[in-house]
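Report on the structure given below.
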Amino acid sequence: MSSAPRIIRNNVVVTDEWTLVPAIEDGAAAALPGGKVIVPLNVWLAQREGLLERASGKDAALGVWLDSNQDPAALVDTIARISVIAVNFPRFTDGRGYSIAALLRSRYGFRGELRAIGDVLRDQLFYLRRVGFNAFAVRADRNIDEAVKALTDFSENYQGSIDQPVPLFRRRPTAISAS
């Protein structure tokens, strides 16, 4: 079995080709590895011009990660140039990342990979996908092959959300309209 990290992307378990750069207090001092990297927001803010130049190279890939207490508006002016935005869930009980995802998809129009990282568990995946996440780095002590099954736990959604804006009662034909 491969020791390469794996994630769930678009409902399939795949090898993760991105390197998640750990948080560092001084973003300007962060040394970045080669290849595809997902950098913390403070590194992005401190090294933005260099990262944008790097992303315009042959790989043309740039990733940024946000903590659950950070404002996604900090990425708005260059959001179209970012390939991956990861949202860190420090604890599975911290739901602020759901709101960040919904904002990135609906208000800011982000169309790239939106990845949940941190304390991500099987029970969250279905709901994370509803608000716009399409990639998940499941906690390392959990079975990713079992976790991917959570994406098909439910066949129908009652409420509207990013993945299905129309609530069920508006999607169901009524007896009157069917005649």
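Observations on the structure shown:
- Residue within the stretch 4-25 that is β-branched (Val, Ile, Thr), assigned to a loop (DSSP other than H, G, I, E, B) and under 20 Å from the mean Cα position of the chain (by Cα) present: yes
- Checked against the criterion of being open to solvent by 40 Å² or more (accessible area, probe 1.4 Å), basic (Lys, Arg) and in contact with an Asp or Glu (Cβ under 7 Å, 6 or more places away or on another chain), the candidates 122, 142 yield just one match: 122.
- Single condition residue 13 does not satisfy, out of (1) closer than 30 Å to residue 149 by Cβ; (2) in contact with a Ser or Thr (Cβ under 9 Å, 6 or more places away or on another chain); (3) open to solvent by less than 70 Å² (accessible area, probe 1.4 Å): (2)
The values are calculated or read from the model by the stated rules, or taken from the named source; none is laboratory data. In this text the structure is predicted, and so the values were computed from the model without any measurement. A quick note on method: Cβ atoms are made from the backbone with ideal geometry, for glycine too, and the neighbour counts reach across all protein chains shown. Protein only, heavy atoms only, side chains kept; ligands, DNA and RNA dropped before computing areas. Shrake-Rupley method; radii C 1.70, N 1.55, O 1.52, S 1.80 Å.
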